[in-house]
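Report on the following structure.
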Amino acid sequence: MPAKNHLNLEQVEKLQKALKEEDGNIRERILILLLLNDGKTQAKIAEFVGCSINKVSYWCVHGDPD
């Protein structure tokens with residue numbers, strides 16, 4: 001799992017802006033990346049977002065913040 005604050009400021013701002021503009025699954029993926037950047041565990045993220053831990057694990061590895 002990446003370390004807390006592994007995203008740079010530009011990436012975080014871009015993701016936060018996209019979170020407001022996107023809908024559905026894209027928002028969920030963005031939220032997973034932002035929560036991971038805040039240092040939340042995959043289990044806590046899955047519980048908060050309301051999806052499976054497998055989905056969170058997948059996007060933690062395959063999610064591209066850019």
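The values are calculated or read from the model by the stated rules, or taken from the named source; none is laboratory data. Quantities reported herein were computed from a predicted structural model and do not represent experimental measurements. When we count neighbours, we look across all protein chains shown, and the Cβ atoms used for this are built from the backbone with ideal geometry, even at glycine. Side chains included, ligands, DNA and RNA excluded: accessible areas come from the protein's heavy atoms. Shrake-Rupley method; radii C 1.70, N 1.55, O 1.52, S 1.80 Å.
Looking only at residues in the stretch 55-66 that are closer than 17 Å to ALA18 by Cβ and in contact (Cβ under 8 Å) with a residue 12 or more places away in the chain, the one that is surrounded by the fewest Cβ atoms within 10 Å (Cβ to Cβ) is ASP66. Restricting the stretch 7-28 to residues that are part of a loop (DSSP other than H, G, I, E, B) and farther than 17 Å from HIS62 by Cβ, which is most open to solvent (accessible area, probe 1.4 Å)? The residue in question is ASP23. Residue count for the stretch 42-54 satisfying the condition of being free of Cβ contacts under 8 Å to residues at least 24 places away in the same chain and either farther than 18 Å from GLN16 by Cα or hydroxyl-bearing (Ser, Thr, Tyr) (or both): 9. Considering the stretch 41-66, the residues that are under 10 Å from the mean Cα position of the chain (by Cα) and not in a helix (DSSP H, G or I) include one that is nearest to LEU7 (Cα to Cα), namely PRO65. Of everything in the stretch 29-40 that is open to solvent by less than 40 Å² (accessible area, probe 1.4 Å) and not β-branched (Val, Ile, Thr), the residue that is nearest to the chain's Cα centre (by Cα) is LEU33.
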